[in-house]
Structure formats: C-alpha cells, structure tokens
Amino acid sequence: MPPSTDRLILAEMTLNDLPALQAMMQDPEVMTAYEGPYSDSEVLAWLTRQIDRYHDDGFGLWKVILRESGALIGQCGITWQDIDGHRVLEIGYLFNRAHWHQGYATEAARACRTWAFTELGASEVFSQIRDTNIASMNVAIRMGMTIRSRFVKHFRGIDMPHFAFAIDRATWEMLTDPLFIVRLREKDDSGTTNVDDIDWDAL
Ligand SMILES: CC(C)(COP(=O)(O)OP(=O)(O)OC[C@H]1O[C@@H](n2cnc3c(N)ncnc32)[C@H](O)[C@@H]1OP(=O)(O)O)[C@@H](O)C(=O)NCCC(=O)NCCS
C-alpha cells in the first residue's frame with residue numbers, strides 16, 4: 001500500500017482522476033520544467049503508464065489526497081528510470097499550483113523515500129531534476145539528497161540539462177537515527193553546529 005502522512009494520503013490513480021490531472025498538467029506554470037502543458041492525449045498516456053506500472057512494478061506515481069478536504073492536490077511516487085545508463089528508483093512529484101509553498105511536496109516525497117528504503121529494500125533513491133528547477137531541487141535537498149551527476153535528457157524534442165540528486169540507505173539511516181540526532185545536539189552545545197532550524201520529527 002502507498003504511504004500516507006499526517007496531512008496526506010497517497011493512492012493509486014484510476015481513469016476517474018483524469019480531469020484533476022488535466023487541471024494540473026495543463027497549467028503552463030506547473031509544466032514549465034516539462035516545456036509546457038500536456039495535451040489531453042499526453043495526460044491520458046501518462047496516466048495509463050502509471051496504471052501499467054502499478055500492475056507491472058507494484059508502484060508508480062500516486063495521487064496525493066489532502067486529508068482535510070479529500071481533494072487531489074498533486075502526484076508523487078516512485079518509478080524505475082534510466083539515468084546515465086543505470087536503472088534506478090526515482091522519486092517524482094508535481095503539485096497543483098494552489099497547493100505550493102505549504103510543505104506538501106516535501107512531506108509526500110519524504111514518505112516515498114522512506115517507503116522505497118523500507119518496502120522495496122532500496123540501496124539508493126534518486127530524483128532527476130532539470131537544472132533550472134530550483135523549487136524541485138529544494139524538495140530533493142529537504143529529502144536529504146545531494147547532487148551525484150549532471151546529464152542531458154532528451155524530452156519533447158529538446159536537450160534538457162538535468163542533475164541527478166540521490167540519497168543512499170546509509171545516509172537515510174544516519175539522518176533518522178536518534179543517536180545521530182543526540183550527537184548533533186551535543187555538537188551544537190559546543191557551538192560548532194546550528195541545529196535550531198531542523199524539524200527533527202520530519203527527518
Ligand atoms: C516541485 C514542487 C512540487 C515544489 O513545491 P513547493 O511548494 O516549493 O514545495 P513544498 O510543498 O515542499 O513546500 C515548501 C515550502 O512550503 C513552506 N512551508 C509552509 N508550511 C510548511 C510546513 N507545514 N511544512 C514544511 N514546509 C512548509 C516551506 O517553507 C517552503 O517554502 P518556500 O516555497 O518559500 O521554499 C512545485 O514547484 C511543482 O509542482 N512544480 C511543478 C512540477 C515540477 O517541476 N516537478 C518536479 C519535476 S523534477
């Protein structure tokens with residue numbers, strides 16, 4: 001079963017979700033990094049690909065439902081991707097513009113990261129991000145990811161420079177290890193690290 005969080009429920013999509021997905025994926029601002037809005041047939045092909053992935057892989061990009069309203073506010077999940085000739089697990093995310101800047105993308109992406117390590121036994125998870133997409137890079141950084149490589153992706157007839165962000169299992173375990181947090185706090189007491197802004201529960 002897909003993960004859920006305090007504010008969000010992730011779930012498999014069906015063809016009934018097509019109108020809500022069109023509203024998101026046909027918004028030019030949301031689709032800037034994808035070189036513009038998807039046509040009706042591109043959204044349908046994208047949705048069909050996710051439904052195939054649920055069947056073939058057991059996971060894919062899921063819809064994100066806001067618990068308080070039941071509304072579909074985005075999509076986030078895990079897919080197999082090819083990065084520089086390597087088959088890797090990737091966390092992807094895209095949210096309705098009305099729901100940006102409230103921490104929902106980071107909350108959903110962190111839940112998917114943890115799910116990939118705990119449910120899939122992943123050794124490493126990636127996010128491939130266009131080099132102009134600062135908001136997406138910030139989500140990757142909040143997941144604990146760092147840049148591993150730069151590569152060019154050919155998409156919709158255009159060469160797009162991308163960064164491969166990733167977090168490996170050891171780093172994820174360290175970030176979520178209570179002893180690591182205690183040690184960091186001790187270091188903070190010695191005045192070498194400022195941990196005041198870290199949201200410990202969200203790691
Ligand atoms: C990528 C994308 C999902 C990021 O959205 P976002 O709103 O910037 O990210 P989050 O939902 O994690 O919100 C983080 C912001 O919410 C703020 N925030 C407010 N309440 C918060 C809370 N309770 N918890 C955490 N953060 C909170 C954070 O301070 C941060 O502020 P900022 O926007 O000033 O940096 C969004 O820009 C998008 O959908 N883009 C189009 C699709 C896309 O490019 N996808 C990625 C392809 S690689």
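The values are calculated or read from the model by the stated rules, or taken from the named source; none is laboratory data. From a predicted model like this one, the values you see are computed outputs, not experimental measurements. Methodologically, a virtual Cβ is constructed for each residue, glycine included, from the backbone with ideal geometry; neighbour enumeration extends over all protein chains shown.
A few points about this structure:
- One residue from 144, 157 being on the phi > 0 side of the Ramachandran plot, under 15 Å from the mean Cα position of the chain (by Cα) and not polar (S, T, N, Q): 144
- Complete set of residues in the range 144-172 that are under 11 Å from residue 124 (Cβ atoms) and surrounded by fewer than 12 Cβ atoms within 10 Å (Cβ to Cβ): 170
- Cross-chain or 6+ apart pairs with Cβ under 9 Å, the range 87-107 first and within 15 Å of residue 22 (Cα to Cα), then near the ligand (Cβ under 6 Å from one of its atoms) and in a loop (DSSP other than H, G, I, E, B): 94/30; 95/30; 96/30; 97/30
- All positions within the range 6-21 that are surrounded by 17 or more Cβ atoms within 10 Å (Cβ to Cβ), of a type outside the set (Gly, Ala, Ser) and within 15 Å of the ligand (Cβ to nearest atom): 8, 10, 21
- Note on the range 51-64: among residues that are within 15 Å of the ligand (Cβ to nearest atom) and without any contact (Cβ under 8 Å) to a residue 60 or more places away in the chain, the one that is surrounded by the fewest Cβ atoms within 10 Å (Cβ to Cβ) is 63.
- In the set 136, 127, only one residue is within 11 Å of the ligand (Cβ to nearest atom), in a strand (DSSP E or B), of a type in the set (Gly, Ala, Ser) and under 11 Å from the mean Cα position of the chain (by Cα); that residue is 127.
- Candidates 120, 175 - the one that is modelled with pLDDT of 95 or more, over 30 Å from residue 39 (Cβ atoms) and either more than 15 Å from the ligand (Cβ to nearest atom) or surrounded by fewer than 17 Cβ atoms within 10 Å (Cβ to Cβ) (or both): 120
- Qualifying residue in the range 81-100 (condition: surrounded by fewer than 16 Cβ atoms within 10 Å (Cβ to Cβ), near the ligand (Cβ under 8 Å from one of its atoms), outside any helix (DSSP H, G or I) and at pLDDT 95 or above): yes
- When every residue of the range 178-186 is checked against the conditions, none turns out to be among the basic types (Lys, Arg) and either touching a residue at least 12 places away in the same chain (Cβ under 8 Å) or within 21 Å of residue 34 (Cα to Cα) (or both).
- Of the residues screened, residue 60 is not one that is under 17 Å from residue 139 (Cβ atoms) and under 17 Å from the mean Cα position of the chain (by Cα).
- With respect to the conditions (1) surrounded by 18 or more Cβ atoms within 10 Å (Cβ to Cβ); (2) part of a strand (DSSP E or B); (3) within 12 Å of the ligand (Cβ to nearest atom), residue 108 falls short on a single one, namely (2).
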